[in-house]
Amino acid sequence: MRITDDQLKLFLADSNIIPKDILDKAEKEAVIKQKRLGSILLEQKLVSEAELQKVYAYVLGIPFVDLTKEAVPLEILQIVPEPIAKKYNIVSFEKKGQNLKVAMLNPEDLQTIDFIKKKSGLKIIPCLTTKESIQATLRSYDKSLKAEFGDLLEITAENPKEGEDHGSLEQMATDLPVVRIVDTLLKHAMLQSASDIHIEPSEKEVLVRYRIDGVLHDAMTLPKDAATGIVARIKVLSNLKLDEHRQPQDGRFKIEKDDYRISFRVSILPVFDGEKIVMRLLDESSKGLTLEKMGLGGQSLELVHREIKKPNGIILVTGPTGSGKTTTLYTIMDILNTPEVNISTVEDPVEYRMPRVNQTQINPKVGMTFAAALRSLLRQDPDILMVGEIRDEETLEIALHAAMTGHLVLSTLHTNSAAATLPRMLDMGAEPFLIASTVNIIIAQRLARKLCQECKKPYELDSDEAAALEKSIDSEDMFSYLKSQKDLEGLIGSHASFDKLTFYKPVGCDQCGGEGYRGRVGVYEVLSMETNIRKLVTQSATSEVIEAAAKENGMSKMSEDGFAKALRGVTTIEEILRVTKE
């Protein structure tokens, strides 16, 4: 059943889909790179995946199907178990009598076809399809949240629970409908790559919201009757006190499967209508995150790599809550995490577990504060220290002295810009000469939503929009920076007006759930402590003066980095203005 490159080339030449001279070049490249001709044609975008699969289907004499817009009934879909469908890219989509049609990417996979035949007792008719088609159909395995909750809520409504004693709460937490409701909420949060789940009680109902790509979305409204059971279930999972309703509680639990490991950080707070729950989802299985993938590039990336290789000093990451500071610190630690160094951390809470890193959780109730833990860690022979956050003068002072005595210290601060960090440290009581001699680099960051690459649409600003934009930003500095980016030279040319540039807007498709955005990217400004900056710090200069000097040194502002990303089609102007406004 295998199609040779010669067969493929012959058919494409005969059907005039691709000119013969281009086919010959592609064939030579396939030989050099030791790849299949079809792969080279796809790489060079000479054919689409659908066109290529249609050719394969024709040569093999089997049907081609496109399921992207087809609604496959769940009972037919489930004839092929979900794990098999996902692992081997094969889905069942039509059953007539004893014949079952399956769509697949590799019709040579006779072993899987044979397995489905034995399991179902049906005659299997294989059809070729595309990756997009398979992925669209695989999503049908996951019923919509509303459909899945329909039956559960009916059961819960039929069996309302009265009473608040400890025994009935325990019983409620283990009731099957409540367990399934919580499991479903967690499952759909993971499916949608949510970072937080909010369960908020009101007078007559319970609102469930997911934070996806930094923005909250309503997911489900549940009846008030379900609230007590849901809270009890989450308390049981998190090992919290079931009968405590007046005090805030914090806990965590973990869900582990073969292909993922998600940790849930739970915060329960008493509110007027009950107890509000917020769960932070931390994907412990995600590996391979690099500074480049996070959005750092060009001179900023070079500066960060240069400074983290120094044996001592302080590296600070700043920004508001939820701007990705901890992820940046962990990525830097991952780069530095080698057998030759001892890395220790003080965190509140410990968010991600890292091998070969000694992680300490602070506990103010027993006197284990950032300062106390940091003081103890200095007696543990560390090379690199990570302090989750510098919150007070004592922690700052110990961190500065640690950097002075030959340690590399990584930490975070809450400031709006890189330049504002230095005056903030002065306000916290640090000596100017200590700051000037220990701080290596300051990374300020925000997270902007990334455009869905499947459905983004190019457009140009009209004159009114361009005029409004020029009022809100320094267009002279902006164009000076954009023209300095080599990859943007062709896009900008000699233009100095925003209405002459091509930007992109979100549209919405199946791939991004109609949002137009998918994932997030960092927007950065990186301030390196050059000699002139150190001199200004010893003179207790303002953030404006420091920022002007840093700009002269070549620092790009967050808004400039953001606009470059908007021009590259990574995000939108609206997103950059939203996350960088001061």
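The values are calculated or read from the model by the stated rules, or taken from the named source; none is laboratory data. The structure displayed is predicted, hence computed values, not measured ones. Glycine also receives a Cβ, built like all others from the backbone with ideal geometry; neighbour counts cover every protein chain displayed. Accessible surface areas use protein heavy atoms only, side chains included; no ligands, DNA or RNA. Shrake-Rupley method; radii C 1.70, N 1.55, O 1.52, S 1.80 Å.
Considering all C-alpha pairs of region 183-261, those separated by over 21 Å amount to 35%.
Among 29-40, 90-101, 513-524, sorting by the average number of other beta carbon atoms lying within 10 angstrom of each residue, highest first, gives 513-524, 90-101, 29-40. Ranking L8, H217, F264 by Cα position along the charge dipole of the chain, where only Lys, Arg, Asp and Glu carry charges on their C-beta atoms, puts L8 farthest toward the positive end. Mean sequence separation of contacting Cα pairs (under 8 Å, at least six apart), scaled by the length of the chain, corresponds to a relative contact order of 9 percent.
Reported to two decimal places, what Rg/Rh ratio describes region 451-582 when computed on Cα atoms with Rh from the Kirkwood expression? Rg/Rh for region 451-582 comes to 1.03. Computed from label points 7 Å out along Cα-Cβ, the spacing between N342 and D114 is 5.8 nm.
Fully extending the segment from I125 to E552, taken as 0.36 nm per residue of separation minus the present Cα-Cα distance, adds 146.9 nm. Model label sites at E203 and L269, defined 7 Å from Cα along the beta-carbon direction, differ in position by 2.2 nm. Backbone amide hydrogens, once placed in the peptide plane, bring S202 within less than 5 Å of L207, excluding anything fewer than 5 places away on its chain.
Per-residue packing, averaged as other Cβ atoms within 10 Å, sorts the ranges 410-422, 361-373, 430-442, 181-193 into the order 410-422, 430-442, 181-193, 361-373, beginning with the highest.
Here the simple spin-label model places points 7 Å from the Cα toward Cβ, and for I22 and E302 these points are separated by 3.8 nm. The sum of -39500 (n - 2.57) across all DSSP H runs of n ≥ 4, divided by the residue count of the chain, sets its helix-only mean residue ellipticity at 222 nm to -12000 deg cm²/dmol. When the solvent-accessible area of region 519-568 is split by element, carbon and sulfur atoms take up 47 percent of it, the probe being 1.4 Å. For region 287-367, the per residue solvent-accessible surface stands at 49 Å², with DNA, RNA and ligands left out and a 1.4 Å probe. Length available on full extension from K257 to D383: 0.36 nm per residue minus the Cα-Cα distance, which gives 41.9 nm.
For region 36-50, backbone phi angles converted through the Karplus equation (6.51, -1.76, 1.60; θ = phi - 60°) give residue-by-residue couplings of 6, 4, x, 5, 5, 4, 5, 4, 7, 6, 7, 9, 8, 4, 4 Hz, Gly and Pro being listed as x. Run through every distinct alpha carbon pair of the chain and return the Kirkwood hydrodynamic radius in angstroms, one decimal place. When all Cα pairs of the chain are included, the Kirkwood radius is 28.0 Å. The alpha carbons of region 253-337 stretch over 52, 35, 24 Å along the principal axes, in descending order.
Between region 312-365 and region 179-258, the alpha-carbon centres lie 27 Å apart. For a modelled paramagnetic label at D392, 7 Å from Cα along Cα-to-Cβ, the residues of region 355-384 in reach, with backbone nitrogen under 16 Å, are 362-376. Between I335 and A50, the contour length at 0.36 nm per residue exceeds the alpha carbon distance by 98.6 nm. The alpha-carbon of K224 sits under 28 angstrom from the alpha-carbons of these lysines, leaving out residues fewer than 8 places away in its chain: K143, K146, K161, K187, K204, K235, K241, K254, K276.
When peptides 208-216, 57-65 are ranked by their average number of other Cβ atoms within 10 Å per residue, the highest-first order is 208-216, 57-65. Computed from the Cβ-Cβ distance with R0 of 25 Å, the FRET efficiency linking E470 to E544 stands at 0.70. Using the beta-carbon distance between K87 and V179 and R0 = 35 Å, what value does 1/(1 + (r/R0)^6) give for FRET efficiency, to the nearest 0.05? The pair K87/V179 has a calculated efficiency of 0.80. If R0 is 51 Å, the Cβ-Cβ spacing of K33 and T531 corresponds to a FRET efficiency of close to 0.55.
For R252, the residues 5 or more places off, or on other chains, whose built amide H falls under 5 Å of its own are V266. Taken over the C-alpha atoms, region 1-139 has Rg and Dmax values of 16.5, 49 angstrom.
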